[in-house]
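To start, the structure itself, in structure tokens.
Values in this text are rule-based calculations from the coordinates and carry no lab data. Model, not experiment: these values are computed from the prediction. Cβ atoms come from the backbone with ideal geometry, glycine included; neighbour counts cover every protein chain shown.
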Amino acid sequence: MTPDELSAAIRACLEAAVAAGDLTVSVPAEIRVERPKQREHGDWATNIALQLAKPAGKPPRAVAELLAARLVELPGIKSVDIAGPGFLNIVLDAASAAELVRTIVEAGPAFGRNQQLAGTTLNLEFVSANPTGPLHIGHTRWAALGDALARVLIASGAQVTREFYVNDAGAQMDRFGGSILARIKGTEIPEGGYHGEYVAELAAKVREQRPDIDDLPLEEAQILARELGYAIQLAENRQTLDDFGVEFDVWFSERTLHESGSVDAAVDRLREQGHVEDRDGAVWLRTTDFGDDKDRVLVKADGEKTYFAADAAYWLSVRDRGFPKKIYMLGADHHGYVQRLKAIVACAGDDPAESVEVLIGQLVSVGGARLSKRAGNIIELKDLVEWLGRDAVRYSLARYPADSPLALDGEVLQKKTNDNPVFYVQYAHARLCSLANQAREHGVERTAFEPALLDHVTENELIAALAQFPAIVAQAAELREPHRVARHLEVVAGAFHKWYDNCRVTPRGEDPVEDLHRTRLWLAEASRLVLANGLELLGVSAPERM
RNA sequence: GCGCUCGUAGCUCAGCGGAUAGAGCAACAGACUUCUAAUCUGUCGGUCGCAGGUUCAAAUCCUGCCGGGCGCACCA
């Protein structure tokens, strides 16, 4: 019996009690079943009686009594205790709990997938680094977390488009071009320009492609430098993300909005919505209508469109492309942008509460890391991966919630011990693979399955951890918190290592192979599957040996 | 000044209103002739920043304060 099935059983008992007139209460939408922290509190516990006490007009323990009497009659349930203020502590028959193992093995890679978000379509934007320089540690956090979130959402039935918005228009790009050209010509880097060593590298590549750039008129040369530099840098960033295992479905260029006239059209469309006004020669969007601190300029007095106008056009594009909802993942340094963003959405006639979610992430620091000289004393994604390995970087960034400020220790991330959780989890997977090989060599096969034999305390714990996996994935998707998957894998790995220490799959020496060993091999395979499926959701490899 | 965000063990951090607040590391003490010791077992360690409020129940929700980070352009 899985937690889900137990939850359904409790519901059925509740409905039966209501039908019999024992209780007068409406059955809640969700009946949560939890694994208690204390072993004495049973295999699973629910606080439903506490929740229903007030609406039912009965003391919590009386409600608990009613439910317990019905529950304990069900097959698979060994005992039901009422504890504390009215918790129901439920113990399952070992056989009933272990039946899950077969379910997992049969589901294989699909175990953990769920329908929590079936029918939802999402546009998930993350990283979206400007193409004016290399990707750094902040982008790395979003790449790891964003991709993991996308995978978790998809596993929960959502239709997800991973999108990267390329800010390739505007003054920033001109400064970028100017900086490259300055490197080529050996002149002063313009004010507000880019100083990192990588600009010199870009300059060298540009010159290699177009040796004639020195002879062009200044303005023409700067445009050429900008365009070639842009192409080179964007390609490099794409490659870096690709090597990191993060692929985007859509690379959306801001320029295309300007070139296609979408920005002009957006201004017109917003004007129709009644939130645009002309003032001081400029065109303004009255974002203060929707809680922004001040109105924002769409078209400057000199006739040029602002980036803000492009953002508005971008939003309309997202809607036009059929996305009812967009999730933005932004660094804490961009949080000032959120109000404006929501105001755009509201001005466009959409409800920000329904169509926009913004996940704000705190910044990351890495102790002991070599700062990148080429990027101007920032830590580059590429260097991090080269230094620590893709799995360690992805895992250690994906195991923390986005809003927790994070200080990673480079020394620790290199260690192959317990304080580096990625190895802890991967080692469990490798150990399981090795165990299965050993078992096969000794003639243990996954033929007989006798769930009642899986009754060791470590087996109870391990099975319970496996049982929670689908709910954890669903919860991670619903809350947009992929780190929950990583944390749970650590629980599973821990439960496995303890089981491994206590229960043998391969008989010792010349001892005969028994159904106990065969059944444990099922449990081993189920554990391996959960670890492999979970690591896949995080974009981390599940090695067969280490 | 206004706004957002964070504050949990010596360190790094978990903890969708529930039972005695957890994990890893660090410190100390143990377990490999037996399926991978990158593991396991035990001990030590707390005013959940502070103060109020909401309730059967608050680290969790609300308010105020203190402290850290970040943001407040006709720049992108």
> How large is the helix-only mean residue ellipticity at 222 nm for chain A, computed as the sum of -39500 (n - 2.57) over DSSP H runs with n ≥ 4, divided by its residue count, in deg cm²/dmol to the nearest 500?
Replying inline: -16500 deg cm²/dmol
>> Could you compute how fast the stretch A:431-470 diffuses translationally, taking Rh as the Kirkwood radius over C-alpha pairs and applying Stokes-Einstein at 25 °C with viscosity 0.890 mPa s? Give it in µm² per second.
In response: 206
>> Along the Cα→Cβ direction, 7 angstrom out, place labels at A:D293 and A:D264. What is the inter-label distance in nm?
In response: 3.4
> Rounded to the nearest 20 Debye, what is the dipole magnitude of chain A about its Cα centre when Lys and Arg each give +1 and Asp and Glu each give -1 at the C-beta?
Replying inline: 1000
> What is the distance in Å between the Cα centres of the stretch A:471-545 and the stretch A:92-124?
Replying inline: 14
> Dipole of the stretch A:215-374, Cα-centred, from +1 at each Lys and Arg C-beta and -1 at each Asp and Glu C-beta, to the nearest 20 debye?
Replying inline: 480
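Which net charge results when you count Lys and Arg as +1 and Asp and Glu as -1 among the other residues whose beta-carbon is under 12 Å from that of A:E247?
So the environment of A:E247 carries a net charge of -2.
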> Residue by residue through the stretch A:80-85, which ³J(HN,Hα) values in whole Hz follow from phi under the Karplus form 6.51 cos²θ - 1.76 cosθ + 1.60 (θ = phi - 60°), with glycine and proline marked x?
Replying inline: 10, 10, 9, 9, x, x
> How far is the Cα center of the stretch A:300-330 from the Cα center of the stretch A:222-262, in Å?
Replying inline: 17
>> What distance in nm lies between label points placed 7 Å from Cα along the C-beta direction at A:R508 and A:E441?
In response: 1.9
> Which residue, chosen from A:F244, A:A69, A:P405, occupies the Cα position most advanced towards the positive end of the dipole of chain A, where the dipole is computed from +1 (Lys, Arg) and -1 (Asp, Glu) charges on Cβ about the Cα centre?
Replying inline: A:A69
> Where the convex hull is taken over the Cα atoms of the stretch A:416-537, what is its projected area averaged over directions, in nm²?
Replying inline: 7.8
> Between A:K325 and A:Q115, what is the FRET efficiency for a Förster distance of 25 Å, r being their Cβ-Cβ separation, to the nearest 0.05?
Replying inline: 0.90
> Computed over the Cα atoms, what is the radius of gyration of the stretch A:3-92 divided by 2.2 N^0.38 Å, N being its residue count?
Replying inline: 0.97
> Taking the Cα atoms only, what angle lies between the long axis of helix A:421-441 and the longest principal axis of chain A, rounded to 10 degrees?
Replying inline: 50
>> I'd like the antiparallel share, as a percent to the nearest 5, of DSSP beta bridges with both residues in chain A.
In response: 45
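So for chain A, Kirkwood radius off the Cα pairs, Stokes-Einstein at 37 °C and 0.692 mPa s: how many µm² s⁻¹? Don't skip to the end; give the middle numbers.
Numbers: Rh = 27.0 Å.
Translational diffusion coefficient: 122 µm²/s.
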> Can you list the HN-Hα couplings for the stretch A:50-59, worked out from phi with the Karplus curve (6.51, -1.76, 1.60; θ = phi - 60°), rounded to whole Hz and with x for Gly and Pro?
Replying inline: 5, 5, 8, 3, 5, x, 7, x, 10, x
> Pairs A:K185/A:K205; A:K37/A:K498; A:K37/A:K416: which are spaced more than 23 Å apart, C-alpha to C-alpha?
Replying inline: A:K37/A:K416
> Along the stretch A:100-108, what does the Karplus equation 6.51 cos²θ - 1.76 cosθ + 1.60 (θ = phi - 60°) give for ³J(HN,Hα), rounded to whole Hz, x for Gly and Pro?
Replying inline: 4, 4, 5, 4, 5, 4, 5, 6, x
> R0 = 56 Å: FRET efficiency of A:R545 with A:A301, Cβ-based, nearest 0.05?
Replying inline: 0.25
> Taking Cα atoms, how many degrees apart are the long axis of helix A:197-209 and the longest axis of chain A, rounded to 10 and kept between 0 and 90?
Replying inline: 60
> Using a basic spin-label model with each label point 7 Å from the Cα along Cα→Cβ, how many nm lie between A:A171 and A:E386?
Replying inline: 3.5
> Taking a quarter of the surface of the Cα convex hull of the stretch A:70-161, what do you get in nm²?
Replying inline: 10.9
> Of A:N114, A:V101, A:V444, which is farthest along the charge dipole of chain A in the positive direction, counting Lys and Arg as +1 and Asp and Glu as -1 at C-beta?
Replying inline: A:V444
> On full extension of the chain, what length is gained from A:R11 through A:E450, given 0.36 nm per residue of separation minus the C-alpha to C-alpha distance?
Replying inline: 155.2 nm
> Quick one: helix A:262-273 against the long Cα principal axis of chain A, what's the angle to the nearest 10°, folded into 0 to 90?
Replying inline: 70
